[in-house]
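Structure first, commentary second.
The values are calculated or read from the model by the stated rules, or taken from the named source; none is laboratory data. As the structure is a prediction and not an experimental result, all values here were calculated from the model. Remember, those area values only see protein heavy atoms, side chains included, never the ligands or the DNA or RNA. Shrake-Rupley method; radii C 1.70, N 1.55, O 1.52, S 1.80 Å.
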Amino acid sequence: MTALPSPAGPVAAVPSPAEDRADDRADDRAESERLAAGFVRGDEESFALVYHRWAALVYSLAARSLGDAREAEDVAQQTFLAAWRGRHGYHAVRGPLPGWLVGIARRKIADAHAARSRRTELASAHAAREGSGVPGPAERPEAALDRVLVTQELRKLPPVQRHILRLAFFDDLTHVQIAERTGLPLGTVKSHARRAILRIRRSVTENSALVE
């Protein structure tokens with residue numbers, strides 16, 4: 001009698017957990033390389049996927065270093081904007097895309113710490129002068145009046161110009177950084193800043209002349 005085949009059929013080889021993990025890593029690496037290639041070509045869909053995939057990584061690095069959620073969000077946005085603008089500087093042979101993004105993030109985090117330090121130093125110096133009740137050695141007697149006038153004129157500016165000047169003088173941002181943060185074209189930022197400064201300077205000069 002001819003033997004019948006087993007109902008279970010031939011026994012298939014079952015991949016081991018280690019093989020599954022290796023396959024997952026290979027798939028993940030291939031997907032990362034595909035996204036990186038599209039990103040460098042300037043494909044906006046690839047950029048959106050890159051942001052979706054690694055924004056949390058960049059944000060967590062910034063949040064741990066800065067300890068401030070708002071600053072961390074700013075750093076994350078600045079990191080991906082800088083990466084998009086400088087995407088042609090990325091070369092896969094030098095390392096994977098996430099590592100390149102982390103490098104940009106670290107520079108942006110360092111910039112945020114430096115800006116924070118400058119703001120702290122300015123605030124401390126101002127507090128020391130106010131506490132002593134004596135003008136600084138290089139301060140003119142009418143400098144206090146100038147500060148009052150500047151503050152008053154700042155309040156009179158259109159909201160956009162006021163916001164740009166606050167970012168420039170209180171957050172110590174460059175015109176390029178202000179354009180990145182606000183989404184305004186760089187030329188528009190420069191134009192607003194120039195008009196606002198000229199308006200304040202003219203008003204301060206006119207008011208100072210009245211009290212002489």
Put LEU57, LEU165 in order of accessible area, largest first, 1.4 Å probe: what do you get?
LEU57, LEU165
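For segment 66-124, what Kirkwood radius comes out of the mean inverse Cα-Cα distance, in Å?
Values: mean 1/r = 0.0795 Å⁻¹.
For segment 66-124, the Kirkwood estimate is 12.6 Å.
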